[in-house]
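Everything on this sheet refers to the single structure shown next.
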Amino acid sequence: MLVFRRKVKRAIGKSNLPGLDYTVNPYIGCAHGCVYCYARLYCEKEIAENWGNVVVVKENIPEILSKELKNVKKGVVALSTATDAYQFLEEKEQLTRRILSILLENGFRVSIQTKSPLVLRDMDILVENAEKVDVGFTITTLRDDFAKKIEPNAPLPSERIKVLKKISMEGIETWIFLGPMIPGEKFEEIVELAKETESILYYDKYRIKPFMRSGLAKELAEKARKFDWFEEFKKLKNYCEILGVSVKSAFD
Ligand code: SF4
């Protein structure tokens, strides 16, 4: 993997996603390299075309963020929307850890979304600020072997589940992002996991994008085109209702 370092001029951006006011992305690109990842639509061509193999470290982002926050109205910050803030580079770089502290010290609420157990490293900060943070795990399948194909470098779902349970047991608000939903992939056990961890379940369909021109991404896009999403969402919501799980469409 190629890693570049860059000094940035801006750290925080506005978010149009429901419930999120801002977004901070400590990295450009993501080493997890998920075949369906839409984040490549929001970065430069060289990174998008080599998705998963090139990551830019925004080395001065904590310092820039500290300055910017003086002039930003308080709100909810997503960490992150176009990268995984806890991808393995973070272990050494510690940008996310610093950003998390800065945001909380300045009175912002932080919503973390990740696929990585590395988030446990920051449990001290999370526990101390339990009222001001929530942690979400993306889980698209519970089959580790299949996850290895669609999310080649991401920690396995079985590892994510263990971490989700630990965080939930610490009294921190958790959620699961069942998205993109993979056509034909079973969701029942994911709903049961949401029930067990008292997590809100957000869902989204597999969205077909122009970059899905080959391999598994294309194969899944073809299945998604023919898939009866209306029926699938109905079944999902019905099962959530039976179990008493709070379920929401992620982008509506
Ligand atoms: S972990 Fe998230 S940001 Fe990273 S490649 Fe996968 S979907 Fe994209």
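Coordinate-derived values only; no laboratory data. Nothing here was measured: the structure is a model prediction, and the numbers come from that model. We place every Cβ from the backbone using ideal geometry, glycine too, and count neighbours over all the protein chains shown.
Here are the numbers for the structure shown:
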{"read-out": "Gaussian network model of the chain, springs between alpha carbon atoms under 10 Å - residue of LYS74, LYS132, LYS226 with greatest fluctuation", "value": "LYS226"}
{"read-out": "Length released on extending from TYR38 to GLU59, taking residue separation times 0.36 nm less the Cα-Cα span", "value": "5.2 nm"}
{"read-out": "Mean shadow area of the chain over all directions, Cα convex hull, nm²", "value": "12.7"}
{"read-out": "Cα shape, the stretch 23-129, gyration tensor, a/c 1.5 rule", "value": "prolate"}
{"read-out": "Length gained when the stretch LYS149-LYS45 is fully extended (0.36 nm per residue, less Cα-Cα span)", "value": "35.1 nm"}
{"read-out": "Residues MET169, MET181, MET212, MET1, sorted so that the one with the fewest Cβ neighbours within 10 Å comes first", "value": "MET169, MET1, MET212, MET181"}
{"read-out": "Relative exposure of TRP51, TRP229, judged by other C-beta atoms within 10 Å (fewest first)", "value": "TRP229, TRP51"}
{"read-out": "Pairs beyond 22 Å (Cα-Cα), from LYS74/LYS209; LYS148/LYS218; LYS14/LYS74; LYS45/LYS226; LYS74/LYS205; LYS149/LYS235", "value": "LYS74/LYS209; LYS45/LYS226; LYS74/LYS205; LYS149/LYS235"}
{"read-out": "Most fluctuating residue given options LEU126, LEU41, LEU79, as computed from a GNM of the chain linking Cα atoms under 10 Å", "value": "LEU41"}
{"read-out": "Cα-based equivalent ellipsoid of the stretch 167-236: semi-axis lengths in Å, sorted from largest, via gyration tensor", "value": "28, 14, 9"}
{"read-out": "Cross-link pairs LYS92/LYS162; LYS115/LYS195; LYS186/LYS223; LYS67/LYS115 - those with Cα-Cα distance over 25 Å", "value": "LYS67/LYS115"}
{"read-out": "Computed lengthening from LYS70 to GLU198, 0.36 nm per intervening residue step minus Cα-Cα distance", "value": "42.6 nm"}
{"read-out": "C-alpha center-to-center spacing [the stretch 132-175, the stretch 47-74] in angstrom", "value": "24"}
{"read-out": "Cα Rg over Rh - the stretch 124-217, Kirkwood", "value": "1.02"}
{"read-out": "Ranked LEU236, LEU216, criterion: other C-beta atoms within 10 Å, fewest first", "value": "LEU216, LEU236"}
{"read-out": "The stretch 213-244 versus the stretch 177-211: alpha-carbon centroid distance in Å", "value": "9"}
{"read-out": "FRET efficiency for LEU2 and ASN238, using Cβ-Cβ distance with R0 set to 30 Å, rounded to 0.05", "value": "0.05"}
{"read-out": "Cα centre as origin, Lys/Arg/Asp/Glu Cβ charges: the chain dipole, Debye", "value": "920"}
{"read-out": "Long-range Cα-Cα pairs in the stretch 4-53 (distance over 18 Å), rounded percent", "value": "39"}
